[in-house]
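Colleague: There's a structure below that I have some questions on.
The values are calculated or read from the model by the stated rules, or taken from the named source; none is laboratory data. Owing to the predicted nature of the structure, the values given are computational and were not obtained by experimental measurement. As a convention, Cβ positions derive from the backbone with ideal geometry for all residues, glycine included, and neighbour counts pool all protein chains shown.
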Amino acid sequence: MSTQAADRFQSFAEFYPYYLQEHSNPTCRRLHYAGSLLVLGILAYAVVTQQWLWLLALPIAGYGFAWVGHFVFEKNRPATFKYPFYSLLGDWVMLKDAFTGRIPF
């Protein structure tokens, strides 16, 4: 956990509502979902084929989609820059929440 996150947020439970607020645009959220699912696909491919060089594409796939969502649609700065650990965790919790219907897809 970054020092800044510890200063402002005492737990991920405190951070997550802020994270969702920063992802209020549906297109931004969908781009996050696409990036996260692509990360899972690349990871599975690398493991199955043992072509480990594909792992270098993970941050590009994950962050590329998310950052386009923030800069183009959400018009804000990604939380990753201030809260890298909580933000990464937030990506996966938000994807889970979309699949379970807790937040709109």
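Colleague: Is there a residue being in contact with a Leu (Cβ under 9 Å, 6 or more places away or on another chain), assigned to a helix (DSSP H, G or I) and farther than 17 Å from K96 by Cβ anywhere in region 37-45?
Modeller: Scanning region 37-45 turns up at least one residue that is in contact with a Leu (Cβ under 9 Å, 6 or more places away or on another chain), assigned to a helix (DSSP H, G or I) and farther than 17 Å from K96 by Cβ.
Colleague: For region 83-105, give me the residue count where each residue is surrounded by 12 or more Cβ atoms within 10 Å (Cβ to Cβ) and not in a helix (DSSP H, G or I).
Modeller: Adding up the residues that qualify gives 2.
Colleague: For T80, state whether it is within 10 Å of the chain's Cα centre (by Cα), among the β-branched types (V, I, T) and surrounded by fewer than 19 Cβ atoms within 10 Å (Cβ to Cβ).
Modeller: yes
Colleague: Right, something else. Is it fair to say A98 is small (G, A, S), in contact (Cβ under 8 Å) with a residue 60 or more places away in the chain and more than 21 Å from S11 (Cα to Cα)? Show your work before the answer.
Modeller: Details: small (G, A, S): yes; in contact (Cβ under 8 Å) with a residue 60 or more places away in the chain: yes; more than 21 Å from S11 (Cα to Cα): yes.
In short, yes.
Colleague: I would also like to ask the following. Restrict the check to region 46-65 and report whether at least one residue is in contact (Cβ under 8 Å) with a residue 40 or more places away in the chain and surrounded by fewer than 16 Cβ atoms within 10 Å (Cβ to Cβ).
Modeller: Our first condition is that a residue be in contact (Cβ under 8 Å) with a residue 40 or more places away in the chain; within region 46-65, this holds for none.
So far as region 46-65 goes, no, none of its residues is in contact (Cβ under 8 Å) with a residue 40 or more places away in the chain and surrounded by fewer than 16 Cβ atoms within 10 Å (Cβ to Cβ).
Colleague: Considering (1) exposed (fewer than 12 other Cβ atoms within 10 Å of the Cβ); (2) in a helix (DSSP H, G or I), say which one S24 fails and leave the rest.
Modeller: With respect to (1) exposed (fewer than 12 other Cβ atoms within 10 Å of the Cβ); (2) in a helix (DSSP H, G or I), S24 is out only on (2).
Colleague: If S24 satisfies all but one of (1) modelled with pLDDT of 95 or more; (2) out of contact with any Asp or Glu (no Cβ under 8 Å at 6 or more places or on another chain), what's the number of the condition it fails?
Modeller: Result: S24 fails condition (2) only.
Colleague: Residue under question is A5, and the condition is that it be at pLDDT below 95, surrounded by 13 or more Cβ atoms within 10 Å (Cβ to Cβ) and small (G, A, S); does it hold? Working first, answer last.
Modeller: Numbers: at pLDDT below 95: yes; surrounded by 13 or more Cβ atoms within 10 Å (Cβ to Cβ): yes; small (G, A, S): yes.
Judged against the criteria, A5 is a match.
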